[in-house]
Each structure stands twice: as structure tokens, then as C-alpha cells.
Amino acid sequence: MKKNWTEITIALAGVFQAAALVEQLAKTGYCPQDALKASLNSLFQTDPEDIDTIYGGIQHLELGLKVLTDLLHHHKNNDNRDSLRYVLGILHLQKKLAGQTDMLDIISQRLKQASKQAEHFGPIHDNVNANLADIYTDTLSTFRFRIQVSGDYNYLQQNRIASQIRALLFAGVRSSMLWRQLGGKRWQVIFNRKKLSREADQLLQSIQNSTPISSENP
């Protein structure tokens with residue numbers, strides 16, 4: 001079966017966006033609300049019509065695509081070093097989670113409850129963020145491997161920001177799961193970098209031109 005590189009790139013951009021938002025929150029206490037909403041809302045899309053629906057439209061993944069493109073074009077660029085570290089951590093967590101059937105069931109049930117809360121308050125409401133953070137803490141944070149977030153201590157100690165960071169890491173794992181389901185592999189970032197780069201560039205151009213992108217293979 002031929003890989004759909006557009007869909008693989010979109011899902012990987014979802015991982016990168018979550019990681020980039022974590023870095024921004026940890027260092028500045030702020031992140032773009034549209035991007036935050038798209039990333040967190042992806043956790044509640046259990047039966048989407050297509051991959052674009054998961055993020056509310058490809059335009060809401062612009063940040064993730066930009067960070068991904070920067071990495072692909074400038075392999076040794078240190079501007080997004082922490083984001084890349086978070087991405088690698090997220091991919092590792094998702095791989096460990098994939099073999100934990102009981103934990104996946106728990107996450108699924110608790111996300112159904114959180115989804116009802118999000119419908120009432122919205123996906124970026126503090127109460128929803130706190131709920132998502134609790135799910136992350138009770139499940140993914142129980143693995144021996146944990147993602148260490150670096151940033152300004154004054155921001156990291158704020159409950160609201162800490163909850164948003166955990167919720168975003170959770171969203172990153174969800175995008176990572178989608179990425180693997182679509183055929184994504186870590187080695188592709190090295191050996192298929194040109195394909196990923198071309199797809200990411202085209203998606204960004206589509207956003208800038210406000211033209212729809214088809215997820216069908218040419």
C-alpha cells in the first residue's frame with residue numbers, strides 16, 4: 001500500500017505543534033490560542049471524517065508545519081532544540097503506550113468524560129485543561145520515562161500553565177499515535193526528509209494562499 005505522505009506530514013506537524021506550544025508556554029507563559037485550541041481539540045476527535053477534521057482545518061497547524069519545515073531545512077538549527085527534544089519524548093511515550101491495552105482503555109473512557117466537559121466549556125478552558133492534565137498524570141506519567149520540560153521556573157510553577165503543558169504533551173501523543181497509524185516512522189525524518197519537506201512546504205503554501213489541500217496521493 002502506497003504511503004500518503006500528505007497525511008503523514010500533517011500528523012507529524014500535529015506532534016511538532018504540541019511540542020512547540022509546550023516550549024513557548026514554559027519559556028514565556030503564553031502561546032497562540034488558535035494553535036492551542038486545535039491541538040487540544042484533537043484529543044476529542046475519535047471518529048473524524050478526515051485528517052483535516054482532527055485539527056479543525058490544516059490552517060490551524062501552521063505553527064507545527066513551520067517548526068517541522070525549519071527542522072527539515074536546517075537539520076542542525078538549534079532554535080527549536082527543546083521542541084525537538086519534546087517531539088522525541090512524545091514519540092517514545094506513544095510507543096510505550098501502544099502496548100498497554102488496559103491503559104489505553106482507561107484513557108479512552110476518561111477522554112469521553114472530558115469530551116462532554118469540553119463541549120460545555122470549550123477545549124481550552126482551565127477546567128478542561130486540568131482534567132486532561134490529570135489523565136496524563138495518571139497514565140502516561142506513570143512510565144519510568146518522563147519528559148522533562150525546561151523553561152522559566154515562575155511559569156512552570158503556575159498550576160494553569162503546568163496543566164496546559166501536560167494537556168499539550170497528551171495531545172502530542174495523540175498526534176503521534178495518528179502518525180504511526182498512517183505509516184509514520186522515525187527514520188523517515190532522515191531518509192525521507194525530501195518527501196516530508198516537500199509536503200510541508202506545499203501545505204504551508206496552501207495555508208498562505210488559502211487554498212484547500214487534498215489528502216489523496218497524486
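Values in this text are rule-based calculations from the coordinates and carry no lab data. Not measured: the values here are computed from a predicted model. Cβ: placed from backbone, ideal geometry, glycine included. Neighbour counts: every protein chain shown.
Name the shape class, rounded, prolate or oblate, that the alpha-carbon gyration tensor gives for region 5-209, where a ≥ b ≥ c are the square roots of its eigenvalues, rounded holds for a/c under 1.5, and otherwise prolate holds if a/b is larger than b/c and oblate otherwise. It comes out rounded by the Cα gyration axes. Considering only 36, 192, 13, the residue lying farthest towards the positive end of the dipole of the chain is 192, judged by Cα position with unit charges set on Cβ. Determine the shape class of region 98-178: with a ≥ b ≥ c the square roots of the Cα gyration tensor eigenvalues, call it rounded for a/c under 1.5, and otherwise prolate if a/b is greater than b/c, oblate otherwise. Oblate.
Potential lengthening of the chain between residue 208 and residue 159 amounts to 14.1 nm, from the contour at 0.36 nm per residue minus the alpha-carbon distance. Each of 121, 111, 179 was scored by the projection of its Cα onto the charge dipole of the chain, and the greatest displacement toward the positive side belongs to 179; charges sit on the C-beta of Lys, Arg, Asp and Glu.
The value for region 24-90 of Rg(Cα) / (2.2 N^0.38 Å) is 1.22.
Distance from the alpha carbon centroid of region 9-36 to that of region 66-132 works out to 10 angstrom.
Ordering of 99-107, 26-34 by packing is 26-34, 99-107, highest average first (other Cβ atoms within 10 Å, averaged per residue).
Dipole magnitude for region 65-218: computed about the Cα centre from +1 point charges on Lys and Arg Cβ and -1 point charges on Asp and Glu Cβ, it is near 600 debye.
Prolate is the label for region 1-42, because a/c, from the alpha-carbon gyration tensor with a ≥ b ≥ c as root eigenvalues, is 1.5 or above and a/b exceeds b/c. The packing ranking of peptides 12-20, 186-194, 131-139, highest mean first, is 12-20, 131-139, 186-194, where packing means the average number of other beta carbon atoms within 10 angstrom of each residue. Which residues make up the longest stretch of the chain that has no GluC sites (Glu not before Pro) in a DSSP loop with at most 16 other Cβ atoms within 10 Å? The reported range is 50-215.
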